[in-house]
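The values are calculated or read from the model by the stated rules, or taken from the named source; none is laboratory data. Keep in mind that what you see is a predicted model, and the values were worked out from it rather than measured. Glycine gets a Cβ as well: all are built from the backbone with ideal geometry, and neighbour counts include every protein chain shown.
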Amino acid sequence: MSKKRLPAKKLELLPILTAVRPRKNITLQYSLPLSLSARQWRKGKNNMSDQEKFTPQFETSKTPEAGPRERHMAYGSERFESATSNNHNEVLLTDTRKVAKIVLGKDVALVLPKNSDEIPKWAGYPTHQESWLPLWFVLLNHAQHRTAEEYAYRQKLNERLTPEDRELMRKAIIFKANEFWQTYKQDTETKEPRKRYKNITRIAQDILLYVDAPETVIENQEEYLTNHRLFPIIQKANDLRRGVGLEQAGDLEAQVEQALADYTSQAGGADKSKEAYEQLQEKLLQNSTDELVVLVPDKNITDADLYANLASYDLMMSEDEHDQDVVSIIPSLEEPQFHQLDTKFGPKLAHERRMDVIAVPENLGTWDVVRGGKESYQPISMILMTHTKPETDAGTQMQERLQKELTPQFVAHHYLGAAEEFLHRDAWGKSFTKRYEGAGVKQIKKVIPLYRVACDLLPRAVYMLKTGKFPAGVENDELWEIGEVKDEAERIQELFKRQNATQDELGELAKTIETKFQKWFADEDYLLFLENMEKIGQLETLTEGGQLQELVRLAGKITELVPGEQAEKVRAAMAMAVSRHKEQHREGGEMYAYHVLRVGTRAAQYAKTQKLENPEILIKAATLHDILEDTPTSEEEIEQKFGKEILEIVKAVSHRDEDEPDEEYLNRVAAGGRLAMLVKRFDRLENLNDLVKAPKEFRLRKLRELEQAIPIWQKIDPEGAVEIEKITREMLLKES
């Protein structure tokens, strides 16, 4: 797909969704591609050990073996066929929108847009060292094309130059050659020949060789070199760098000095050449704002195509003075990757910044994530639809395709479920609940989950629910205003600046955010979040992830047993049960929500085999049977959401008075009707099942209590009593 640049727009400083990173006073100079994707991991996780499942999968940093690879335009010393070099410099013509220099260990890839008209005439050559040359000079004089396309590219650049441009450049480079000569003469310390005579090579081979270059494109650099009158000087300079003929260094110095004097005189003297150089630098400063240098120390030229694509991003997530977060579409990829790049940018490349790149294939799947190293609570597709603005046609096309697979409402409910995790449960130990009372947790870290909810997840969710649109491209002020959290978001920004929030301040702020969150949150949101986390292969990474997986499995099993038109009604009951019971555990550590969903599963199986006319009533009541007894949920809420019939069944089976005798309780259940009795039967059978894992003393005591209640069961539910009695006596026999 084309990476044609879209019209420039004001860039919104979006909060980074995937992480809120504390700033560190370090410069990162590495690339960190993650090698195992969610899709691959989901396929193989059943064959993994627990250790493998939770071990981040990073690519081993090593220099890849050089394989067959198309060679591109050479520049630097490799432009000469006779040159020997320990590094490779190439020019790549790509769909990039900006000039970028990719430094891959010792190798360099100069990445340029295919259309040379997109490069300003006086764009500077990007370098992380001293920059003083225009890009056109490097491409016309320091490069050698290898294809007809590359030759045409150089010709087009050459056609833009006027005689005045060439004359200005000729005088300016003479000034620079003299400057290098002064540096060489003042260097009395460097003894190693390769470094000692580098400036002589630079003067003769890279500058003076092209003072009188033709106005046409140099078609063959080797021929141009060997036919030039400076060729003997250049040969001697390169010999000196190799340590050959050092006794003739004085003669060479005299020749270089004379050549410099002649060229300086032709330029009208030192003052004229200096004036031209200053004019050149002014032109470069005015035109060189969009160049980029990417430093990747542990790679080589074989990786140039990948890193050229990484630097030429298609969607912008966010950027500030420290970080730039982008998405790059790379057709050659099979699975998403994540890379961290150290970059330099801006006029004279004076600024440093880290570039975090999510690299995705063209056929990015709805549930694809990058696995390894950092947890993810959403697939990349959601990030693209809520946090990125397209910079290219390819980025726009990907968003248009994903919009057919995701709706704003669906993503909004996922975000509300994620917010619930970050506010109340655990979120890999990063939730507000975990951090607020955490011993030794810095106050600034306690602000982060509030930021994630109030500045990001909640306002984006509310925006999507209110407008029916994705919020990518919406500026924060508008987002927070529509999301009804403007005051809270601004308060959080203030706390980030202060970095000394008190517990009282945080507690007060959390209560306000909680109130606004509860206005929009529904129990179904959390179940949806868990289901989606399983789809992206991340549910297991959460605290108690294995148990959460079982909850999702049980909920799915119930859904499969329910007729399609009734599934949503049953789902609401399952969601409430999971959400309200999620923090409750049995003595052995098992989530109590297991029990209520297993009771719901028995009800669903019974309803299907008995072909009940309205199966959802029994299933909902079974799933909610402990909601009044064990959670703060009110009768009014149950009736409002599920109706009076469900409420009466749940009330009948609720054992809220511990002093109520078992016989009296069971008779009350029976009085609640046939469905209440069935719910209690399924509950009792699951209680027996749960006792298998209970401590022996507790198990024996409960089994004897259940045995004593068998006569009552035989009176009120003869059918269920048979199974209950059989299992109870078998378990007692096994214990004895």
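What the table below lists for this structure:
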{"quantity": "Candidates Ser328, Ser312, filtered to the one that is assigned by TED's automatic domain parsing to the domain that holds Pro126 and in contact with a helix residue (DSSP H, G or I) (Cβ under 8 Å, 6 or more places away or on another chain)", "calculated": "Ser328"}
{"quantity": "The lone exception for Leu246 - which of (1) touching a Pro at 6+ places or on another chain (Cβ under 9 Å); (2) without any contact (Cβ under 8 Å) to a residue 24 or more places away in the chain it fails", "calculated": "(2)"}
{"quantity": "All helices (runs of 4 or more DSSP H) inside segment 520-611 with 1 or more residues being among the aromatic types (Phe, Trp, Tyr) and touching a helix residue (DSSP H, G or I) at 6+ places or on another chain (Cβ under 9 Å)", "calculated": "523-535, 593-609"}
{"quantity": "Residue list for segment 310-363, restricted to those being aliphatic (A, V, I, L, M) and within 18 Å of Leu295 (Cβ to Cβ)", "calculated": "Leu310, Ala311, Val326, Leu341, Leu349, Ala350, Met355, Val357, Ala359"}
{"quantity": "Residue tally, condition touching a residue at least 24 places away in the same chain (Cβ under 8 Å) and not in a helix (DSSP H, G or I), over segment 655-669", "calculated": "2"}
{"quantity": "Given (1) part of a strand (DSSP E or B); (2) closer than 17 Å to Val111 by Cα; (3) of a type in the set (Asp, Glu), number of the condition Asp305 does not satisfy", "calculated": "(1)"}
{"quantity": "Scan of segment 671-719 for residues that are modelled with pLDDT under 95, touching a Gly at 6+ places or on another chain (Cβ under 7 Å) and under 24 Å from Ala607 (Cα atoms), ordered by number", "calculated": "Trp713"}
{"quantity": "Residue among Glu488, Glu421 that alone is more than 20 Å from Asp525 (Cα to Cα), assigned to a helix (DSSP H, G or I) and not basic (Lys, Arg)", "calculated": "Glu488"}
{"quantity": "Hey, Lys430 on the phi < 0 side of the Ramachandran plot, of a type outside the set (S, T, N, Q) and outside any helix (DSSP H, G or I) or not", "calculated": "yes"}
{"quantity": "Within segment 121-191, helices (runs of 4 or more DSSP H) holding 1 or more residues that are of a type in the set (Gly, Ala, Ser)", "calculated": "148-159, 163-186"}
{"quantity": "Residue check, Met398 assigned to a helix (DSSP H, G or I) and either in contact with a helix residue (DSSP H, G or I) (Cβ under 6 Å, 6 or more places away or on another chain) or not aromatic (Phe, Trp, Tyr) (or both)", "calculated": "yes"}
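Quick grid of which residues meet (1) crowded, with 19+ Cβ neighbours inside 10 Å; (2) outside the structural domain of Gln266 (by TED's automatic domain parsing); (3) without any contact (Cβ under 8 Å) to a residue 24 or more places away in the chain; (4) within 49 Å of the chain's Cα centre (by Cα):
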| position | (1), (2), (3), (4) |
| --- | --- |
| Phe175 | yes, no, no, yes |
| Lys185 | no, no, yes, no |
| Ile203 | yes, no, no, yes |
| Leu209 | yes, no, no, yes |
| Val217 | yes, no, no, yes |
| Glu222 | no, no, no, yes |
| Pro232 | no, no, yes, no |
| Asp239 | no, no, yes, no |
